[in-house]
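Here is the structure we will look at, set down as structure tokens.
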Amino acid sequence: DAITAERWEILLPPGVDDELRHPGQLCAAYHFGSEPRTGPLAGVITLSMPGAAQGKQAPKLHDCWELGRGFGRHLSSKLTVAVVVVLHGPDYASGSSAPYVHLICPNRVVRPLVGFGAFVEPLIDGEQGRAFIDREWREWSAMKAEQDLAGQVQPVAGQRRTEWYRTQFRLAATRYGRLLKEAKDHPELPGLMSDIQWYAAQCNRSRRRAG
């Protein structure tokens, strides 16, 4: 059947075979060699966007796409999973004037060369998964909003340059601290150490440039 969504894309962790960007290949690879297990094959996350129902102008489709895709990329990196991002436009027939995004995450890690592997518990356990996704969405959305705001200040010479790098340091240090706590509480989650190392390096760079 034809895909009727406004836009869709399959996001993969770094180094994973390009063939898995195609839905048929992704499904075939998921089932190849998998162990029988009851429960859902994928976690489905719906990101609702603010719309006219809240008295605001409905967001533009390209803005919704970038927001949903950005969070999908975050989950793909953090959990080492494939993420299918699907954007649906306003459904005027049903009275909905706000777009929304589905993130469909096959619940097994996928790595270069070896393909699909172990199951990812936050995508299998409903309650644990909801709490995990809600927390990640809040933190990621807050950090993105701060980064967007910080990005409005250009790193020019003098005092403004120093303030810009201090803001970058504060953002990186906040995320670094959260990741350290998460690594301690959930050592089973893949991808955390690479995130921690990246934010530690970002802290050091921003601190040096801020003086």
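Nothing in this text is a laboratory measurement; each read-out follows from the coordinates by a stated rule. If you're wondering where the values come from, they're calculated on a predicted model, not measured in any experiment. As a convention, Cβ positions derive from the backbone with ideal geometry for all residues, glycine included, and neighbour counts pool all protein chains shown.
I want to make sure I understand the PRE zone here: with the label point 7 angstrom from the Cα of E9 toward its beta carbon, which residues in the range 110-126 have backbone N atoms less than 12 Å away?
Label zone hits: none.
Taking amide H positions as placed in the peptide plane 1.01 Å from N, state which residues far from A82 in sequence (5 or more) or on other chains have amide H under 5 Å from it.
V110
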